[in-house]
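Notes follow once the structure below has been shown.
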Amino acid sequence: MRVKQLSFFGVGIMMGCALLGATSFNAAAGDSKSNHPRQQVIVPQEDRFTPFALTIHVGEVVEWVNNDTDDHTVVSDDVFNTTGPTALDRLLPGTDSNPSHQPGTLRLRFRHPGTFVYYCRFHSHLDADHQPVAPGPDGGIQDTNGNFGTPMMGTITVLSDDD
């Protein structure tokens with residue numbers, strides 16, 4: 001009888017430790033309780049990302065928040081992108097696109113050091129020679145003179161934990 005009680009007690013301790021371990025893992029995986037803070041890039045009620053340049057550490061999450069009424073996008077420029085993810089092209093809905101008029105958001109966790117260059121595909125962006133070029137194949141916002149507006153870009157430098 002005593003062996004059965006000890007076995008039951010041992011199983012209970014092992015299950016308790018397993019649950020505690022799972023809880024600790026889930027808390028670390030969540031953005032709000034992670035050891036790495038969340039940084040924000042805001043699209044104010046105008047066509048720009050602010051801040052333009054952001055420096056973070058590996059493992060941190062960047063959240064884009066679109067407070068503008070217009071939709072914008074976050075598109076990675078794979079020529080300059082050394083952090084991944086590659087071929088990123090995400091819509092960042094404006095407040096007019098959401099029924100509750102809430103800002104659109106996008107969250108990305110950066111797992112590799114390097115540089116992440118991004119732009120809005122609805123606006124012109126700068127090429128490798130820092131010259132404005134028209135938006136990609138999906139078109140963009142164009143005025144009657146054929147101008148695609150001010151480039152709307154940003155860059156994130158991701159440092160290793162050692163930096």
Quiz item: If you scan region 71-82, which residues turn out to be more than 11 Å from residue 157 (Cβ to Cβ) and either surrounded by fewer than 18 Cβ atoms within 10 Å (Cβ to Cβ) or in contact (Cβ under 8 Å) with a residue 40 or more places away in the chain (or both)?
Solution: 71, 72, 73, 74, 75, 76, 77, 78, 79, 80
Practice problem: Name the one entry in 114, 104 that is within 16 Å of residue 41 (Cα to Cα) and not β-branched (Val, Ile, Thr). | Solution: 104
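The numbers here are math on the coordinates, done by the rules we state, and not lab data. A quick note: this is a predicted structure, and the numbers were derived from the prediction, not measured. Please note: Cβ atoms are built from the backbone with ideal geometry, for glycine as well, and neighbour counts cover all protein chains shown.
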